[in-house]
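The values are calculated or read from the model by the stated rules, or taken from the named source; none is laboratory data. This is a predicted model, so every value here is computed, not measured. Neighbour counts are summed over all protein chains in view; Cβ atoms, including those assigned to glycine, are modelled from backbone coordinates with ideal geometry. Note: accessible area is taken over every heavy atom of the protein model, side chains too, but ligands, DNA and RNA are not part of it. Shrake-Rupley method; radii C 1.70, N 1.55, O 1.52, S 1.80 Å.
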Amino acid sequence: MRPWFDEEEAIAVYNYIKNGGWLTDFKKTRELEHMIADYTKSKYCCVVNNGTTALQIALMAMDIQQGDKVVVPVYSHPASAYAVSLVGADAVFCDIEKDTFNISFEKLWKVAKDCNPKCIMFVSINGRSWPIGEVCNIFKDKVLLLEDSCQSLGSKFGEKYLGTIGDIGVLSLNTFKIISAGQGGVLLTDNKYYYDRIVRIKDYGRAGGRGSDYEMLGMNAKYTDIQSVIVIEQMKKLDWRVEKKKKMFLWYMEYLNGIEQVRFIPTNLIDCAPWYIDPLVENRDGLIKYLAENEIEAQPFYPPLHTIPYYKKYRAYWGDLKNAEYISEHGIWLPSSSFLEKENIEFICSKIKDFYKK
């Protein structure tokens, strides 16, 4: 998942430094925030140093505290649950759906009834959505909804971009995302109260920068203008990269059609811009090894969160997590960088076919 930077980013950085830029969080970061807000049609946008910190700030802005329960899908990057633990709250794991990789709509009701959560974290895996609006309506004024949309920049649910449906949404700009500056997290909200708190938290609890009062507990999560300069150029390429990702997914499906050991889950490519190409396969680890021998890098899915060391020590409200365990054992991320062309994908798929013919 190598990032893609061109001459435009290099020239923009050169010009910024040549013209006396201060590098730190300043005018270019504000320009980037307006650019992302306009793209996503969100009222407020705040950019911070990374996606994990953005999730933590979102929880702090919603006043999630020690002892509060936050429902988290058990299949996600550990950062989703780590952010909950870092604010002192309890991550309550819920199983996922095999056909979306997202939190199970059915099992969520039982988990929420059992633990009475203050917040539900919806993780839109690989840009795939789910009836988030129904959750908002059913739990309205009772449970907060935080969208972890770190894998979903450019993806929609109907007319709304993922990250703009819940109380607060978070996007990621890390090295492996569709656009990037190495690191970066984006907080989106239509709620001014939350936005004002987010702005303070990211800057030591201050609203007005140097010389202003420290009004609340905060941290140093400021972004840098030099990264913002890069992302501004990357944002100009987002629309066609979204379309390229959709084409890549279709190319993989075309070339692997008929291979019974490879299964793609249903994906609405009108709304979804797949971050990674992510089928379920048989003998996953053997396939990864075979591809590596042919100089093709592929990776296994995340482990279920209840199996990682930090969360092994306790168990609460988890229930049956078999779907997450299954897809974690069978899921593979195939090469997915935006610059891959059809002939590259045809070659990769030919090696996958060779493996299953052995």
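Things worth noting here:
- Ordering Tyr252, Ile265, Ala207 by Cα displacement along the dipole of the chain toward the positive end leaves Ala207 in first place; charges were set at the Cβ atoms of Lys, Arg (+1) and Asp, Glu (-1).
- Relative contact order computed over the range 168-217 (Cα-Cα under 8 Å; 6+ residues apart), in percent: 23
- Between the amide H of Trp333 and those of Gln299, Phe301, distances stay under 5 Å, these residues lying 5 or more places away or on another chain, with hydrogens modeled in the peptide plane.
- Each part gets one Cα centre, and for the range 206-246 versus the range 148-194 those centres are 12 Å apart.
- Percent breakdown of C-alpha pair distances by 10 Å bin, ordered from the shortest bin, for the range 212-264: 18, 22, 20, 19, 14, 6, 1
- Highest mean first, the peptides 117-125, 191-199 sorted by other C-beta atoms within 10 Å per residue fall in the order 117-125, 191-199.
- Fraction of antiparallel bridges per DSSP, the chain only, in percent to nearest 5: 60
- Extension gain (nm, one decimal) between Ala292 and Lys192, 0.36 nm per residue minus Cα-Cα: 31.1 nm
- Spacing of the two label points (7 Å from each Cα toward its C-beta) at Met253 and Arg30, in nm: 4.4
- For the range 190-310, the equivalent ellipsoid derived from the alpha-carbon gyration tensor has semi-axes of 42, 20, 15 Å in decreasing order.
- Across the chain, C-alpha contacts under 8 Å between residues 6 or more apart give a mean separation that, scaled by the residue count, equals a relative contact order of 22 percent.
- Across the range 203-330, the relative contact order, built from alpha-carbon pairs under 8 Å that are at least six residues apart, equals 15 percent.
- Estimated distance in nm for a label pair at Lys142 and Lys43, the labels positioned 7 Å out from Cα along Cα-to-Cβ: 2.5
- Dimensionless Rg over Rh [the chain; C-alpha; Kirkwood]: 0.97
- Put simply, the amide H of Arg206, placed in the peptide plane, has neighbours under 5 Å in Glu215, leaving out anything fewer than 5 places away on its chain.
- In terms of distances greater than 19 angstrom between alpha carbons, the cross-link table entries Lys156/Lys246; Lys156/Lys244; Lys142/Lys202; Lys247/Lys342; Lys118/Lys202; Lys69/Lys98 yield Lys142/Lys202; Lys118/Lys202; Lys69/Lys98.
- Convex hull projection area averaged over all views, the range 240-315, Cα basis, nm²: 7.6
- Considering helices alone, the calculated mean residue ellipticity of the chain at 222 nm is -12000 deg cm²/dmol, with DSSP H runs of length four and up weighted by -39500 (n - 2.57) and normalised per residue.
- Whole-Hz Karplus values for the range 186-200 come out as 10, 10, 10, 7, 9, 9, 5, 4, 5, 4, 4, 5, 4, 4, 5 Hz, taken residue by residue from phi with 6.51 cos²θ - 1.76 cosθ + 1.60 and θ = phi - 60°; glycine and proline positions read x.
- Residues with amide H under 5 Å from that of Ile168, placed H, sequence gap 5 or more: Leu145, Glu147
- Taken about its Cα centre, the range 199-358 carries a charge dipole of roughly 380 debye when the Cβ of each Lys and Arg holds +1 and the Cβ of each Asp and Glu holds -1.
- Whole-Hz ³J(HN,Hα) from phi, Karplus 6.51 cos²θ - 1.76 cosθ + 1.60, for the range 142-149, glycine and proline x: 10, 10, 7, 10, 10, 8, 8, 10
- In Å², nearest 10: area of Phe249 left accessible to a 1.4 Å probe: 0
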